[in-house]
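Nothing in this text is a laboratory measurement; each read-out follows from the coordinates by a stated rule. The structure presented is a predicted model; accordingly, all values stated were derived computationally and were not measured. Neighbour counts run over all protein chains shown; Cβ positions are idealised from the backbone, glycine included.
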Amino acid sequence: MDYQDSLFSDQQRKQLLLNPYLGVGNFLQFTAPMYPADCQHSLLTDLETVICEGEAIQSLSVHSLAILAGRWAKWYRDKGVKSAEPVAVYCDDGLNYIIHFVALTLIGAIPVLTNGKMPIEVAAAHFNNIAVRLVISDADRCRKLKKGLNAGIDVLNLARVPLGTEVLERAHYYVHSARSPVMITHSSGTTGLPKAVTLHHEQWFHGIRELLKKPHAKGLEKYLNALPTSHNSSIAFLIHCILSGSQIMLAAKRDGKSVADLIETYAPSTVVAFPQTYVELALNHADDRNFSSVNTWINSGDAAHEVHIKKLVKHDYHFRGSKKIAGSQFVDGLGSSEMGHISFHIIHTPYTSNYGRCVGFPQHWVHAKAFLNDGREVESGEVGMLGVKSPSITPGYWNNSSLTYKSRIGDYWLTGDMVSIDKDGRVFHLDRISDVIDTEAGRCYSLLTEEFILAGIAGLEECTVVGIPSSLNSVYSIPVALVVCSDKATTEKDLLQAINQHLSDKGLPCVAEVRKVTHHDIPKGITGKVLKRTLRQQWGSPVKLAAKTKSTA
């Protein structure tokens, strides 16, 4: 069966939309019966997943997902796990995260899905903070994790669990209300210990429900998911695909080469990833690999850079209605775990030109404002802290009411971003609050500076701007640009002159230093975000900067 023929009809989607009880915590209960008994595998992965003692799988149909989750749900219930108890899942990427997410929500417990690349000592502190009931993991992580966990938190190796064949009886399914917690996800941890973000049954489903209201776009029958499979955005895309009848492949590895290989072998119509994957695809693979199946690239998390987007959309095709148009489309979204869904998005094609860190307009259910520190709203076009009011916003941080309230101004959630909103309502994402550089000449917004450097200076593959104290006792910092340059003959002095001329032409503050580095010199977090906090520690004083300058001279 061609998967294009498996997409749910408008009538089936309407049936789901009319269900007032449907939400994240019970989506599979209502959707699985709509699939034919002989439906193909809907969830695939390129690496075999060990799911319990003696069992390993590489794909699941919707019905087999329901059965396997039902088996684990019964095991959890027999183990004594109760509703509203947090249970952590911490393992390699694969199918286990969606299996345990469904299993735990079947009994009303709260999945704490945690990226397997999170350092074990950080994960242990995260689980202690949440006070999880137990942790489901694998052998290597189990041994090391036990040493850092509080007394009473059990750790179980999923490969040693003799899972029974019986499934949880329907009479024991938990009945979710709108505010039932259905997941505790975590921030990327780029600014410190990961924050435990709470997601609710109805709140988290809001964005997915809005997608269901839209008619099926042509060419969206096969997805390649290159997000971490533990991430709430990954779970949301899986739910969306199951509610739509689409097939989805979960990439076990998210580096550019691995994803490029999967695009060629799996031939997806849509690719979903975080920005770093697109950076690697654009720089190393866009021009010499076969991406002809892809009509849509969806970016989740931080906004992507113009120079990388243009390398991807110049190839292949996309649809406008039923009309096929040359060049693929790049859906650039700004969202976070706290926003619950991509709250701002813009579509780029070879024929569009809204760049310069423009993330488009808020979704129609989202209200956005920019605020000063004292809570006043800034004037149109001025820079302020982004506040979002939306039904999809998190209710807060688990076990941290102080941080929850500090993250709000009235009804608006502060996202941690600096933005400007023009008179037409377009939002421009300038920086993370923690990365803004206060210089003697004024504020330097590092992401905006990087955007214009990459777009205006030929031969640069990557650019990261960080603030270094201008002197040992100064309150001001100097912007330093760390660049990866494909032309080895270009000197740092020449780059500094060209970059600052370009920034001056754009009316932006200049950088004080340019340092040529390699991709490996720019540290990335578990979701691919640049760890600027780490860079500030590495380059964080004039003494260190001088030493590095001397060593690279």
### Query
If you add up the charges near Arg376, with Lys and Arg at +1 and Asp and Glu at -1, over every other residue whose beta carbon is less than 14 angstrom from its beta carbon, what do you get?
-3
### Query
Pairing the Cα long axis of helix 542-552 with the longest principal axis of the chain, what angle in degrees results, from 0 to 90 and rounded to the nearest 10?
90
### Query
What is the order of Ser293, Ser177, fewest Cβ neighbours within 10 Å to most?
Ser177, Ser293
### Message
Nothing charged except the Cβ atoms of Lys and Arg (+1) and of Asp and Glu (-1): what's the magnitude of the dipole of the stretch 195-348 about its Cα centre? Round to the nearest 20 debye.
### Response
420
### Query
Which far-off residues, 5 or more places away or on another chain, put their amide H under 5 Å from the one on Leu113, with H placed in the peptide plane?
Val89, Ile184
## Note on the structure
Tilt, helix 120-130 to longest principal axis of the chain (alpha-carbon atoms), in degrees rounded to tens, equals 70
### Message
Please report the antiparallel percentage of DSSP beta bridges with both residues in the chain, rounded to the nearest 5.
### Response
60
### Summary
Farthest towards the positive end of the dipole of the chain, among Ser137, Asn150, Asn290 and with Cβ unit charges of +1 on Lys and Arg and -1 on Asp and Glu, lies the Cα of Asn150
### Query
So how far, in whole Å, is the C-alpha centre of the stretch 28-105 from the one of the stretch 392-417?
31
## Note on the structure
Whole-Hz Karplus couplings 3J(HN,Hα) for the stretch 302-309, θ = phi - 60° and coefficients 6.51, -1.76, 1.60, Gly and Pro as x, run 6, 5, 8, 8, 3, 4, 7, 4
## Note on the structure
Taking 0.36 nm per residue of separation between Ala84 and Asn399 and subtracting their Cα-Cα distance, the length gained on full extension comes to 112.1 nm
### Task
Highest first, please rank the peptides 253-261, 514-522 by the mean number of other Cβ atoms sitting within 10 Å of their residues.
253-261, 514-522
### Query
Nearest 20 debye, what's the magnitude of the dipole of the chain about its Cα centre given +1 on Lys and Arg Cβ and -1 on Asp and Glu Cβ?
800
## Note on the structure
Reduced to Cα centres, the span from the stretch 174-243 to the stretch 281-339 in Å works out to 21
### Message
So for the chain, averaging the separation of alpha carbon pairs under 8 Å that are six or more residues apart and normalising by length, what relative contact order in percent results?
### Response
10
### Query
Given the Cα-Cα distance of Glu379 and Gln501 and 0.36 nm per residue of separation, how much length would full extension add, in nm?
41.0 nm
### Summary
Given 434-442, 231-239, the highest-first ranking by average Cβ count within 10 Å works out to 231-239, 434-442
### Query
Picking from Val50, Leu312, Trp72, whose Cα lies most toward the positive end of the charge dipole for the chain (charges on Cβ: Lys, Arg +1; Asp, Glu -1)?
Trp72
## Note on the structure
A correct fewest-to-most ranking of Glu462, Glu210, Glu53 by other Cβ atoms within 10 Å would be Glu53, Glu210, Glu462
### Query
In the structure shown, do any of Lys214/Lys524; Lys213/Lys389; Lys146/Lys195; Lys257/Lys488; Lys82/Lys146; Lys222/Lys423 have a Cα-Cα gap over 27 Å, and if so which?
Lys214/Lys524; Lys222/Lys423
### Task
With a point put 7 Å past each Cα toward its Cβ, work out how far His172 is from Glu53 in nm, to one decimal.
1.9
### Message
Applying a 10 Å radius around every beta-carbon, put 362-370, 341-349, 403-411 in order of their mean neighbour count, most first.
### Response
341-349, 362-370, 403-411
